[in-house]
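Chemist: Would you mind keeping the following structure in view while I ask a few things?
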Amino acid sequence: MQSVVYDIPQGNLNNSFINRVRRYTRKCSFCNNGGHNVARCDDATLQMFYDYLIHLKNETLSMNNYNRILSIQLVEQYIYNFCGQNEENIKIVKSVACRFCYSRINSLLQVSVNKIIRVYIQFLRSK
Ligand SMILES: [Zn+2]
């Protein structure tokens, strides 16, 4: 769904050749390995952060009398605080949003966080 990222004019052989070469040499914007993009990245850091959000759900819910609105606010706050620490953390959050929440790596941070929160709300519903 989001693996095609190159916007090329139709019918231009030169460009479609370049496009094919780019696809073969594409590197993941998170782990820098070839052969996949960030939406399919298997790096453990992304999985760990995602799992931590699930853990945070359970913790914030049980500590706040199962107040879901408060839980959403606390998780959102946690993500923004995490991003505020350094650039690498911003990269992790944006990559997690791509990997698990159908975001794009070039989206604004707010867009990435909103995508994560939307998926997070689905966790809450499925509780
Ligand atoms: Zn990767």
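The values are calculated or read from the model by the stated rules, or taken from the named source; none is laboratory data. Everything quoted here is computed from the prediction, not taken from an experiment. Heads up, the Cβs are rebuilt from the backbone with ideal geometry, glycines too, and the neighbour counts pull from every protein chain shown.
Chemist: Identify, from the list Asn32, Asn65, the residue that is within 14 Å of the ligand (Cβ to nearest atom), on the phi > 0 side of the Ramachandran plot and at pLDDT 90 or above.
Modeler: Asn32
Chemist: A further question follows. Assess whether Ile105 counts as being within 16 Å of the ligand (Cβ to nearest atom) and surrounded by 18 or more Cβ atoms within 10 Å (Cβ to Cβ). If you could, list the steps in order and put the result at the bottom.
Modeler: Working: within 16 Å of the ligand (Cβ to nearest atom): yes; surrounded by 18 or more Cβ atoms within 10 Å (Cβ to Cβ): yes.
Judged against the criteria, Ile105 is a match.
Yes/no per residue for (1) modelled with pLDDT of 95 or more; (2) on the phi > 0 side of the Ramachandran plot; (3) more than 13 Å from the chain's Cα centre (by Cα); (4) in a helix (DSSP H, G or I):
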{"position": "Tyr50", "(1), (2), (3), (4)": "no, no, no, yes"}
{"position": "Lys57", "(1), (2), (3), (4)": "no, no, yes, yes"}
{"position": "Ile79", "(1), (2), (3), (4)": "yes, no, no, yes"}
{"position": "Glu88", "(1), (2), (3), (4)": "yes, no, yes, yes"}
{"position": "Lys91", "(1), (2), (3), (4)": "yes, no, no, yes"}
{"position": "Ala97", "(1), (2), (3), (4)": "yes, no, no, yes"}
{"position": "Ser112", "(1), (2), (3), (4)": "yes, no, no, yes"}
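Chemist: Continuing with the same structure: So which residues in the range 36-45 are of a type outside the set (S, T, N, Q) and near the ligand (Cβ under 8 Å from one of its atoms)? Lay out the reasoning, then the answer.
Modeler: Pass one, the range 36-45, residues of a type outside the set (S, T, N, Q): 36, 38-44.
Listed by number, the residues that qualify are His36, Val38, Arg40, Cys41, Asp42, Asp43.
Chemist: Does the range 101-114 include one or more residues that are more than 13 Å from Tyr50 (Cβ to Cβ) and in contact with an Asp or Glu (Cβ under 7 Å, 6 or more places away or on another chain)?
Modeler: Yes, that holds for at least one residue.
Chemist: Within the group Gln73, Gln110, which residue is without any contact (Cβ under 8 Å) to a residue 12 or more places away in the chain and within 21 Å of Arg125 (Cα to Cα)?
Modeler: After ruling out the rest, the residue left standing is Gln73.
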